[in-house]
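> Input: one structure, supplied below.
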Amino acid sequence: MEAILGPQIIKSYKRLSYKPWYALAEFIDNSTQAYFNNKQKLDVLLDKEGKQLTVTIDYRDDALTITDNSSGMNLDELEYSMSIGKPPEDSSGRSKYGLGMKTAACWFGNEWSVTTKKFDDNKEYKIIFNVNRIADGNLDLGFTEKDVNNDKHYTVIKITDLNNKIKGRTKSKVWDFLKSMYRKDFKKHNLNLLWTDARLTKILEWDYDEQIGSRIMRNIEGNEYKRNCSFNIRGKNVKGWICILSKGSRKDAGISIIQNDRIIKGWPDAWRPSLLFGEARNDMVNQRIVGELYFEDFDVTHTKDNIIFEDNDEQELESLLFDTYADYLKIANQPLKSADDIPLYESIIKFTEAIEDTVNNIDDINYFVFFEEIETLNDIRFNNSNVIETVKDEQEPSKIIEIGDNLKVKIYIERNLSINDPYVLHQPDIDNKSVIIIINVNHPYWSVVCSNKSTYEFMMQCTYDGIAEWKAAFKERLEYDTIKDIKDNLLRLKYKNE
């Protein structure tokens with residue numbers, strides 16, 4: 001007695017538990033693996049063409065097209081690829097079970113075609129796969145070929161009569177997952193991954209420094225909280241690293257599972273072993289612990305969205321991870337200001353170094369601080385008073401803020417002052433229970449606070465200074481205008497030399 005598999009089974013592929021990004025990954029896996037298999041020849045051709053390995057996903061409401069400039073297929077390879085469930089001769093790479101392209105294409109749509117040409121073949125081949133026709137027993141793939149006498153190389157897969165569409169927010173999720181899944185290829189193999197649709201063309205790319213590198217927590221000496229690891233689980237190796245982010249989110253945290261430089265499960269839905277991350281917690285560990293682990297000796301699910309753990313493999317690995325990174329869990333769960341006494345290196349040491357560098361490169365600062373004469377208090381107050389009275393006579397306040405029943409803060413955002421007028425002017429009025437705050441947007445310093453998106457903070461500081469001076473005006477012999485004038489001139493120095 002023999003088992004008989006009928007062609008009707010392909011109709012069930014549209015009900016597979018694919019997510020759109022994992023289905024698309026089947027095509028990208030084939031493109032990249034074909035490149036790896038022919039890398040030496042393709043690198044020469046791509047360099048000659050001035051191009052790099054490129055996979056383009058074009059999505060329309062009525063069709064999905066995946067195009068690559070990888071090696072392409074000759075006739076034997078195309079015929080082999082159409083055998084359902086027949087694994088490649090070498091299944092150690094990204095092509096595992098001989099199912100991916102067929103199951104993913106049938107999941108997406110009821111008809112799909114493959115058009116391909118290999119770099120060392122002078123023919124282009126095309127097949128058309130109609131799910132319903134083949135399920136009914138008509139196995140003809142509508143094969144055609146034509147002469148193409150050049151060294152071009154490509155594969156184009158076009159899927160129509162779509163079962164599963166990519167709509168709304170799913171599109172941005174597809175982008176996030178794909179750029180995470182192929183993060184190693186972007187850097188290591190110069191993969192160019194494009195998304196196009198009726199509205200845009202988007203390059204999918206991964207910036208390690210932006211996503212992880214620049215965000216790793218450091219101790220007071222400036223050393224990263226990032227540690228490598230290597231384990232052996234019943235003869236199967238697992239290696240990688242885990243770090244603590246200085247600031248993260250639940251979306252950021254978790255451990256990426258990697259095989260053949262392709263993320264099997266990772267950001268933004270990474271693996272969270274329960275011994276490390278707990279069950280459905282949202283503490284700081286679940287926002288700041290991040291890692292990458294390579295599982296080269298493990299099997300993966302046929303949709304390549306997870307590792308298959310056998311027996312107690314997962315529990316043993318979790319225990320090893322917990323023992324190795326127990327100190328990280330403790331540090332990650334502490335508030336930033338008290339974690340290992342971390343006034344973070346990048347926010348304290350680097351920031352103060354940046355200030356030192358900026359100050360020391362301002363021309364004339366040494367002369368100003370030690371030798372330049374300061375205007376008399378009477379001159380400063382006379383000049384400032386004239387400016388304030390002019391603004392009050394000609395303009396209405398941009399905003400009036402009432403603080404209780406005893407203080408009105410009148411804020412003027414002034415565009416008609418000179419670049420030589422102070423960056424901010426305050427006029428506390430004790431008798432009238434008010435304080436005038438005039439912010440000079442023509443001052444040279446204003447341009448830098450705008451470009452650094454710090455306008456809000458700058459205006460808040462000006463407002464707080466005004467309120468503080470109003471309160472300070474109740475005291476005798478406090479020469480606050482002198483202090484403000486000194487600060488104004490310091491702010492001006494950097495810009496008059498540019």
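> For a footprinting-style exposure proxy, rank Arg215, Arg250 by other Cβ within 10 Å, fewest first.
In order of increasing Cβ crowding within 10 Å: Arg250, Arg215.
> Right, next: Spin-label point model (7 Å from Cα, Cβ direction): what's the Asn442 to Asp176 distance in nm?
Output for this residue pair reads 4.8 nm.
> OK, next. Student exercise: in region 213-339, how many lysine pairs 8 or more apart or on different chains have Cα atoms under 26 Å apart?
For region 213-339, the number of qualifying lysine pairs is 23.
> Could you order the peptides 99-107, 157-165, 112-120, 429-437 from most to least packed, using the average number of other C-beta atoms within 10 Å per residue?
On the way: 99-107: 23.0, 157-165: 17.9, 112-120: 21.2, 429-437: 16.3.
Result, highest mean Cβ count within 10 Å first: 99-107, 112-120, 157-165, 429-437.
> Same structure again: May I ask you to list the lysines whose Cα is less than 22 Å away from that of Lys146, ignoring any residue fewer than eight positions away on the same chain?
Hits, sequence-local ones excluded: Lys117, Lys118, Lys123, Lys126, Lys158.
> Which whole-Hz couplings ³J(HN,Hα) result when phi for each residue of region 202-213 is put into the Karplus expression 6.51 cos²θ - 1.76 cosθ + 1.60, θ = phi - 60°, listed in order with x for Gly and Pro?
10, 8, 8, 8, 10, 9, 4, 5, 5, 6, 9, x
> For a quick protection proxy, order the peptides 180-192, 228-240 by their average other-Cβ count within 10 Å, most packed first.
Numbers: 180-192: 19.1, 228-240: 14.2.
Highest-to-lowest ranking by the protection proxy: 180-192, 228-240.
> Let me ask something additional. For Lys410, go through the lysines and keep the ones whose alpha-carbon is under 16 Å away, minus same-chain ones fewer than eight residues off.
Straight-line reach from Lys410, under 16 Å: Lys392, Lys399, Lys433, Lys471.
> Please list 193-203, 48-58, 67-77 highest first by mean number of surrounding beta-carbon atoms within 10 Å per residue.
Values: 193-203: 13.5, 48-58: 15.8, 67-77: 20.8.
Per-residue mean Cβ counts within 10 Å order the peptides as 67-77, 48-58, 193-203.
> While we're on this one: From the phi angles alone, apply the Karplus equation (6.51, -1.76, 1.60; θ = phi - 60°) to region 38-43 and give each ³J(HN,Hα) in whole Hz, x where the residue is Gly or Pro.
Listing the rounded values in order: 10, 4, 4, 5, 5, 4 Hz.
> Something else about it: For region 230-272, what size does the Cα cloud have along each of its three principal axes, sorted from largest down, in whole Å?
36, 19, 16
> On to the next question. Once amide H atoms are placed 1.01 Å from N in the peptide plane, what residues at a sequence separation of 5 or more from Ser434, or on another chain, have their amide H within under 5 Å of its amide H?
The answer is Lys408, Asp429.
> Oh, and also: Could you put Phe309, Phe382 in order, starting from the residue whose Cβ has the fewest other Cβ atoms within 10 Å? Each step should come with its number before you reach the end.
On the way: Phe309 16, Phe382 11.
With the sparsest Cβ surroundings first, the list reads Phe382, Phe309.
> Starting from the amide H of Asn306, placed 1.01 Å from N in the peptide plane, find each other amide H under 5 Å away whose residue is 5 or more places distant or on another chain.
Residues meeting the amide H criterion: Thr301.
> Right, next: Once the other residues with Cβ under 12 Å from the Cβ of Lys265 are scored (Lys, Arg +1; Asp, Glu -1), what is the net sum? Write out the running numbers ahead of the final one.
Working: positive: Lys19, Arg262, Arg272, Lys304; negative: Asp269, Glu292, Asp305.
With Lys, Arg at +1 and Asp, Glu at -1, the net is +1.
> Describe numerically, in nm with one decimal, the distance between label points set 7 Å from Cα along Cα→Cβ at Glu402 and at Asp147.
Going from the Glu402 label point to the Asp147 one covers 9.1 nm.
> Could you give me the ³J(HN,Hα) list for region 289-306, computed from phi with Karplus coefficients 6.51, -1.76, 1.60 and θ = phi - 60°, whole Hz, x at Gly and Pro?
Going residue by residue, I get 8, 9, x, 9, 10, 9, 10, 6, 9, 9, 7, 10, 5, 5, 8, 6, 10, 6 Hz, with x marking Gly and Pro.
> Let me ask something additional. Using modelled backbone amide H atoms (1.01 Å from N, in-plane), which distant-in-sequence or interchain residues come within less than 5 Å of His153's amide H?
Here nothing satisfies the definition.
None of the figures in this text is laboratory data; all of them are computed from the coordinates on show. Keep in mind it's a predicted model, so treat the numbers as computed, not measured. No Cβ is skipped: glycine too gets one built from the backbone with ideal geometry, and neighbour counts run over all protein chains shown.
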